[in-house]
Amino acid sequence: MADSLLPAEFADLEPYAADWCLATETERYGKRLATSMQDIQAFYDAVVSRAEAAIAHCDRFPLDAMPEDALNLLHLLYSMINVSFCVEAWGQQRVPDTGAAMLDCLIEPVP
Amino acid sequence: MARWPKPAEGSWTEHYPEIGTGLISFEDSVSPEFYELEREAIFRRAWLNVGRVEQLPRKGSYFTKEVRVARTSVVVVRDGGGGVRAFFNVCRHRGNKLVWDEFPGEETSGFCRQFTCKYHGWRYGLDGALNFVQQEGEFFDLDKEDFGLVPVHCEVWAGFIFVNLAREPEQSLHDFLGPMVTALDGYPFDKMTEWYVFRADNRSNWKIFADAFQEYYHVPALHPQQVPIEVRTPGSGFECAHFQLDGPHRVVSTGGARRWTLPPEYMYPIERATRSGLVGPWESPEIGEPPPGLNPGRIDPWGIDNFQIFPNLEILIYRGWYLLYRYWPTSHNTHHFEAMLCFQPATTVQERVEHEVAAVVFKEFALQDAGMLTGTQTALESGVLDRFPLNDQEVLVRHFHKVVADWVADYQKNHAEV
Ligand code: FES
Ligand SMILES: [Fe+2]
């Protein structure tokens with residue numbers, strides 16, 4: 001296993017990589033529900049300020065031929081997007097008043 | 001406070017006098033008896049959208065659709081000539097379910113050269129013909145010609161595959177869809193092949209959930225977070241720009257300044273960082289001249305069109321992408337919900353991220369609707385109230401329940417005569 005999951009210039013995000021480089025919406029949403037708001041906030045803060053740089057980095061490669069580390073970075077971005085409303089709007093992991101509701105993602109684009 | 005002109009009659013509702021302005025009942029959404037009527041009167045009579053042609057990319061591609069409200073399963077297949085056909089998913093030998101994997105109640109899809117029954121191995125061609133019978137000589141006067149799969153009426157409009165479970169449909173698909181919907185002909189749905197598909201099993205009548213997606217009156221109260229708190233105006237309403245009815249179908253268009261043209265504080269940070277959000281990507285690749293059916297009220301600036309195609313299909317057309325919902329009843333107070341977000345395939349990571357943001361934000365707010373409607377259903381079922389007022393912004397809710405009632409009444413009338 002490589003020492004680092006992310007491209008070198010994103011070494012500052014490495015502490016979040018093992019937990020949040022998740023390939024599917026189902027994994028990301030599950031991780032969101034299972035993480036404390038304190039940890040979500042820290043993760044969000046760390047990644048959101050690097051979002052534009054991360055997109056620019058990934059966009060150096062064709063979508064269907066991204067190197068492993070760039071793909072991990074993209075999945076990390078997706079996770080940040082997934083938790084963004086927890087931080088920016090809801091103030092909690094779950095959408096308020098949706099105790100009984102679910103919405104499962106069956107098909108999604110890859111990557 | 002009216003920002004958009006209303007018809008000469010003074011309201012959208014009165015523009016269509018047949019739908020009335022009185023209180024309405026939601027008995028149609030809580031009654032098991034009414035649900036029994038809907039099975040025959042609606043779901044075995046209307047054209048039902050079961051999928052898109054992109055789900056059948058080549059000869060032998062197939063998918064199954066469980067239509068529980070009609071107590072049936074349909075297999076849809078791309079035949080040897082490249083056409084789309086549908087059959088009841090039942091083997092002619094002893095009635096086994098023909099196409100399924102692992103769980104007979106679950107939908108499946110795939111590719112095959114022929115359909116083989118799991119039970120005794122009878123085989124059917126992509127055209128439904130019975131091609132092989134194990135130990136055929138043991139049967140008595142069995143003519144394979146007479147034992148092909150039972151066809152289901154199947155027609156395609158704009159790449160949307162519809163089936164009709166009636167023995168003889170009362171109308172062709174084109175006539176059923178009518179001029180308002182078919183005026184969308186030519187819209188490049190076929191270019192929007194990057195899909196997110198979501199599903200949910202919701203604890204409400206199918207119409208109760210559809211109601212929440214055919215009016216925007218609820219947006220300020222249920223979804224105040226669609227506007228960041230710093231710029232939220234308490235007490236502000238939501239007014240749609242255009243409503244139109246055509247036969248059993250409906251459309252509502254929104255209008256007004258596009259979200260991303262507003263000052264930055266009207267967007268969430270994630271929206272500004274990714275140039276996407278509540279209403280999707282700020283920019284999508286050009287799709288050329290729109291068909292006349294798009295933005296039928298010629299609203300400027302136009303927001304989205306929300307087409308409600310009877311009985312259980314909804315297509316929301318955004319700028320360069322669309323969103324599709326289907327509501328499949330599973331009992332009088334439950335339904336299976338399907339949602340698809342369909343984008344033009346991303347060619348860059350930036351575009352992919354825009355789509356991802358749109359899908360994530362869609363889920364946040366759709367969950368808000370879904371979270372609430374179990375409450376609507378249980379409260380309606382308490383039977384405390386039986387008449388409810390609807391305002392002009394809820395004109396499509398009024399029309400929907402009227403059409404459902406009309407179809408049921410029509411069926412009962414014809415049935416009584418027979
Ligand atoms: S039931 Fe299908 S082969 Fe017997
Ligand atoms: Fe809603």
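The values are calculated or read from the model by the stated rules, or taken from the named source; none is laboratory data. Predicted model, so just to flag it, every value in this text is computed and none were measured. So basically every Cβ, Gly included, is an ideal-geometry build from the backbone, and we count neighbours across all protein chains shown. For accessibility, only protein heavy atoms count, side chains too; no ligands or nucleic acids. Shrake-Rupley method; radii C 1.70, N 1.55, O 1.52, S 1.80 Å.
All told, B:Leu380 falls short of being at pLDDT below 95, in a helix (DSSP H, G or I), away from ligand 1 (no atom under 16 Å from the Cβ) and among the aliphatic types (A, V, I, L, M).
If you go through the stretch B:187-207 one residue at a time, do you hit one that is of a type in the set (Ser, Thr, Tyr) and surrounded by fewer than 19 Cβ atoms within 10 Å (Cβ to Cβ)? Steps first, please.
Keep residues of the stretch B:187-207 that are of a type in the set (Ser, Thr, Tyr), which gives B:187, B:193, B:196, B:204.
Subset that is surrounded by fewer than 19 Cβ atoms within 10 Å (Cβ to Cβ): B:193.
Yes: the stretch B:187-207 contains one or more residues that are of a type in the set (Ser, Thr, Tyr) and surrounded by fewer than 19 Cβ atoms within 10 Å (Cβ to Cβ).
Scanning the stretch B:95-121 for residues that are of a type in the set (S, T, N, Q) and farther than 16 Å from B:Arg68 by Cβ returns B:Asn96, B:Ser109, B:Gln114, B:Thr116. In summary, B:Ala210 fulfils each of the numbered conditions (1) over 29 Å from B:Ala379 (Cα atoms); (2) open to solvent by less than 10 Å² (accessible area, probe 1.4 Å) with the single exception of condition (1).
Anything in the stretch B:209-220 that is within 14 Å of chain A (Cβ to nearest Cβ) and either within 16 Å of ligand 1 (Cβ to nearest atom) or not in a helix (DSSP H, G or I) (or both)? List them, or say none. Give the steps one after another, and end with the answer.
Taking the stretch B:209-220 and keeping what is within 14 Å of chain A (Cβ to nearest Cβ), we get B:209, B:212-213, B:218.
Once the filter is applied, which keeps residues that are within 14 Å of chain A (Cβ to nearest Cβ) and either within 16 Å of ligand 1 (Cβ to nearest atom) or not in a helix (DSSP H, G or I) (or both), the stretch B:209-220 yields B:Phe213, B:His218.
I'd like the residue in the stretch B:14-63 that is aromatic (Phe, Trp, Tyr) and not in a helix (DSSP H, G or I) and, out of all such residues, is surrounded by the most Cβ atoms within 10 Å (Cβ to Cβ).
B:Trp47
Counting just the residues of the stretch B:102-123 that are under 20 Å from B:Gln55 (Cβ atoms) and within 16 Å of ligand 1 (Cβ to nearest atom), which one comes out surrounded by the most Cβ atoms within 10 Å (Cβ to Cβ)? In this case the residue turns out to be B:Phe115. Considering the stretch B:193-208, and only residues there that are part of a helix (DSSP H, G or I) and hydrophobic (A, V, I, L, M, F, W, C), the residue that is farthest from ligand 2 (Cβ to nearest atom) turns out to be B:Trp206.
The numbered conditions (1) touching a strand residue (DSSP E or B) at 6+ places or on another chain (Cβ under 9 Å); (2) open to solvent by 70 Å² or more (accessible area, probe 1.4 Å); (3) hydrophobic (A, V, I, L, M, F, W, C) are all true for B:Met372 except (1). When each of A:Asp59, A:Asp3, A:Asp39, A:Asp19 is tested for being closer than 30 Å to B:Ala200 by Cα, acidic (Asp, Glu), surrounded by fewer than 22 Cβ atoms within 10 Å (Cβ to Cβ) and free of Cβ contacts under 8 Å to residues at least 12 places away in the same chain, the lone residue that passes is A:Asp39.
Apart from one condition, B:Met180 fits all of (1) within 14 Å of chain A (Cβ to nearest Cβ); (2) in a helix (DSSP H, G or I); (3) of a type outside the set (Gly, Ala, Ser); the exception is (1). Residues that are aliphatic (A, V, I, L, M) and within 14 Å of ligand 1 (Cβ to nearest atom) within the stretch B:124-141 comprise B:Leu130, B:Val133, listed in sequence order.
Within the stretch B:89-101, which residues are surrounded by 13 or more Cβ atoms within 10 Å (Cβ to Cβ) and closer than 19 Å to B:Gly60 by Cβ?
B:Asn89, B:Cys91, B:Leu98, B:Val99, B:Trp100
Report whether or not A:Arg50 is within 13 Å of chain B (Cβ to nearest Cβ), more than 24 Å from B:Pro345 (Cβ to Cβ) and not polar (S, T, N, Q). For A:Arg50, the condition - within 13 Å of chain B (Cβ to nearest Cβ), more than 24 Å from B:Pro345 (Cβ to Cβ) and not polar (S, T, N, Q) - is met.
When B:Val30, B:Val84 are checked against the criterion of being of a type outside the set (Ser, Thr, Tyr), in contact (Cβ under 8 Å) with a residue 40 or more places away in the chain and assigned by TED's automatic domain parsing to the domain that holds B:His120, a single residue qualifies: B:Val84. Summed over the stretch A:61-105, the residues that are more than 7 Å from chain B (Cβ to nearest Cβ), under 17 Å from the mean Cα position of the chain (by Cα) and not in a loop (DSSP other than H, G, I, E, B) give a count of 13.
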